[in-house]
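Take a look at the structure set out below.
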Amino acid sequence: MIAEIWSVGTELLLGQIVDTNAVYLSQWLARLGIDLYRRGTVGDNRARIAQAVCEALGRADLVLMTGGLGPTPDDVTAAGIADAFGAPLVRHPDAEAWLVDLLQRRGIPLSPTLLKQADLPKGADWLKNPVGTAPGIWMERAGKIVVALPGVPAEMEAMFEQEVVPRLQRRLTGGVLRWRVLRFAGIGESALTDRLGDLMDSPNPTLGTLVKPGEVWLRLAAKAPSEAEADALLADMEAKVRGQAGQWLLAVGDEPIEELVGQRLRALGWSIATAESVTGGLICALLTNVPGSSEYVRGGIVAYTDGAKMSLLGVPWETLNKHGAVSAECAQWMAGSVRARLKAQVGVATTGYAGPTGGEPDKPIGTVFIAVSTPDGTDVQRYQLRGTRRQIRERAAHIALVQVLKALSKF
């Protein structure tokens, strides 16, 4: 089965919101073993929605749509689907009865505007909304399926999992698609693919790379009749990859880096402390976003000025005067000091130039020093990052946690 995803909403085209729905649906289609060949976005325009559906049905067996099912005048997805199938919009009695009951139970006065949500293309089935008021649409004709879901993520996810997934599973006979992410650090994308050689041309599992701050992700994707057979293919390929590039393997899985660091700290029974200048507390914020992080996060110090570095972290004036605040020497002092002062086993520190002003001839904007201090000593790395001020700071925070995880892997 070949699928396409179409997100409906002029706000998406204007960049006012980020389309997380398409990402969620893409991940689910992969889990179900359904091939996704294309994703698109169309504004709240009936004619253009109809055109998008018609074109998608010429390429795909399944078209998933999100957005435009509400009661307002610009919610025209149902009308666009109806036009694509050459069908009129009609009031669906079961959807209307469900909607009336729901509104009455919630104490919401009935109105023609709200009941408009029960108007579906003739011949379509309706999908119950476990969270909101807008029914979904399941339109099937000549072996082709169009599914329309709400645009609100919580409503879309609940409807898809409870209403759509069971229907799709009953129709699927082509097996499942399973994937695994191997994460590498200390090696570039091209160098990694060179190391893997012919493995990159494998038809099943397939291999693909994705560059992340401080990491290269290698995605293995296997298709097989069952999950067990797909997992066996993945395990065999992972063993081959480890044989070619295992020395750079950082972790397996697509969990956020802060979760992986937390898992490793828990396993060791260790704690961590942060000393941040250029990242301004972003590292500590990432770490403490993880539930239960109070078990291993001792705290953090944002020492932005030279005075703060001296008074809060004890960085000697001589170090700042000779090497500067943006230096390997300063980062080393910061990491070691915060580890000692907050009585942690790990200290991580950052200092650098995020721009748009500042920098030195030999330390241009984007220069960042990251130090990680452990009982084994302190490792300092210099990075040259590109992007806006915000991007440099966020990338530095992510890379710092990658460096922490690399250090923890030695214990």
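Mind checking whether some residue in the stretch 250-263 is touching a helix residue (DSSP H, G or I) at 6+ places or on another chain (Cβ under 9 Å) and exposed (fewer than 13 other Cβ atoms within 10 Å of the Cβ)?
Taking every residue of the stretch 250-263 in turn, at least one turns out to be touching a helix residue (DSSP H, G or I) at 6+ places or on another chain (Cβ under 9 Å) and exposed (fewer than 13 other Cβ atoms within 10 Å of the Cβ).
So, in the stretch 356-377, exactly how many residues are of a type outside the set (A, V, I, L, M, F, W, C) and crowded, with 20+ Cβ neighbours inside 10 Å?
4
Ala239: outside the structural domain of Ser293 (by TED's automatic domain parsing), touching a helix residue (DSSP H, G or I) at 6+ places or on another chain (Cβ under 8 Å) and small (Gly, Ala, Ser), yes or no?
For Ala239, the condition - outside the structural domain of Ser293 (by TED's automatic domain parsing), touching a helix residue (DSSP H, G or I) at 6+ places or on another chain (Cβ under 8 Å) and small (Gly, Ala, Ser) - is not met.
What single numbered condition from (1) surrounded by fewer than 18 Cβ atoms within 10 Å (Cβ to Cβ); (2) in a helix (DSSP H, G or I) fails to hold for Leu233?
(1)
With respect to Ala142, is the statement that it is in the same structural domain as Gly86 (by TED's automatic domain parsing), farther than 24 Å from Val23 by Cβ and free of Cβ contacts under 8 Å to residues at least 12 places away in the same chain true?
On the way: in the same structural domain as Gly86 (by TED's automatic domain parsing): yes; farther than 24 Å from Val23 by Cβ: yes; free of Cβ contacts under 8 Å to residues at least 12 places away in the same chain: yes.
Considered against the rule, which asks whether it is in the same structural domain as Gly86 (by TED's automatic domain parsing), farther than 24 Å from Val23 by Cβ and free of Cβ contacts under 8 Å to residues at least 12 places away in the same chain, Ala142 comes out as yes.
Here's a check for you: in the stretch 12-36, which residue that is in contact (Cβ under 8 Å) with a residue 40 or more places away in the chain and hydroxyl-bearing (Ser, Thr, Tyr) is surrounded by the fewest Cβ atoms within 10 Å (Cβ to Cβ)?
Thr20
Considering each of Arg59, Arg39 in turn, give the residue that is under 22 Å from the mean Cα position of the chain (by Cα) and either assigned to a helix (DSSP H, G or I) or in contact (Cβ under 8 Å) with a residue 12 or more places away in the chain (or both).
On the way: Arg59 fails: under 22 Å from the mean Cα position of the chain (by Cα).
None of the other options fit; the residue is Arg39.
Between a residue in the stretch 236-265 that is under 16 Å from Gly197 (Cβ atoms) and any residue that is among the charged types (D, E, K, R) and outside any strand (DSSP E or B), which pairs come within a Cβ distance under 8 Å, given they are 6 or more apart or on different chains?
Cβ pairs passing all conditions: Gln244/Arg195; Ala245/Arg195.
Restricting to the stretch 1-36, what's the tally of residues that are part of a helix (DSSP H, G or I), within 22 Å of Ala222 (Cα to Cα) and among the aliphatic types (A, V, I, L, M)?
Adding up the residues that qualify gives 6.
Out of the residues in the stretch 62-81 that are part of a loop (DSSP other than H, G, I, E, B) and under 30 Å from the mean Cα position of the chain (by Cα), state the one that is farthest from Lys116 (Cα to Cα).
Applying the filter and picking the extreme gives Gly67.
Within the stretch 343-368, can you find the residues that are out of contact with any Asp or Glu (no Cβ under 8 Å at 6 or more places or on another chain), aliphatic (A, V, I, L, M) and in a strand (DSSP E or B)?
Val346, Val348, Val368
Taking into account only those residues within the stretch 112-131 that are touching a Leu at 6+ places or on another chain (Cβ under 9 Å) and assigned to a loop (DSSP other than H, G, I, E, B), which is modelled with the lowest pLDDT?
Top of the filtered list is Asn129.
Considering every residue within the stretch 56-70, establish whether at least one is assigned by TED's automatic domain parsing to the domain that holds Trp138 and at pLDDT below 95.
yes
Only one residue in Leu312, Leu260 is closer than 30 Å to Ala191 by Cβ and touching a strand residue (DSSP E or B) at 6+ places or on another chain (Cβ under 6 Å). Which one?
Just a single option satisfies the conditions, and that option is Leu260.
Against the conditions (1) more than 34 Å from the chain's Cα centre (by Cα); (2) buried (at least 16 other Cβ atoms within 10 Å of the Cβ); (3) at pLDDT 95 or above, where does Ala97 fall short? Just the number, please.
For Ala97, the exception is condition (2).
Taking the stretch 65-75 as the region of interest, how many residues are surrounded by fewer than 24 Cβ atoms within 10 Å (Cβ to Cβ) and not charged (D, E, K, R)?
Taking the stretch 65-75 and keeping what is surrounded by fewer than 24 Cβ atoms within 10 Å (Cβ to Cβ), we get 70-75.
Filter once more, keeping what is not charged (D, E, K, R): 70-73.
Residues that pass the stated criteria total 4.
Here's a check for you: in the stretch 265-301, which residue that is assigned to a helix (DSSP H, G or I) and among the β-branched types (Val, Ile, Thr) is farthest from Lys406 (Cα to Cα)?
Ranking the candidates gives Thr288 first.
Using the structure shown, decide if Ile108 is of a type in the set (Val, Ile, Thr), surrounded by 16 or more Cβ atoms within 10 Å (Cβ to Cβ) and not in a strand (DSSP E or B).
Answer is no for this residue.
For the stretch 170-206: of the residues being assigned to a helix (DSSP H, G or I) and touching a residue at least 24 places away in the same chain (Cβ under 8 Å), which is surrounded by the most Cβ atoms within 10 Å (Cβ to Cβ)? Before you say what the answer is, go through the steps one by one.
We begin by selecting, within the stretch 170-206, every residue assigned to a helix (DSSP H, G or I); these are 170-171, 189-201.
Going one step further and asking which of them are touching a residue at least 24 places away in the same chain (Cβ under 8 Å), we end up with 171, 189, 192, 195-197, 199.
Details: Arg171: 13, Glu189: 15, Leu192: 21, Arg195: 16, Leu196: 19, Gly197: 9, Leu199: 18.
Checked the stretch 170-206; the qualifying residue surrounded by the most Cβ atoms within 10 Å (Cβ to Cβ) is Leu192.
The values are calculated or read from the model by the stated rules, or taken from the named source; none is laboratory data. No experiment lies behind these values; they were computed from the predicted model shown. Cβ coordinates were reconstructed from backbone atoms using ideal geometry, including for glycine residues, and neighbour counts include every protein chain displayed.
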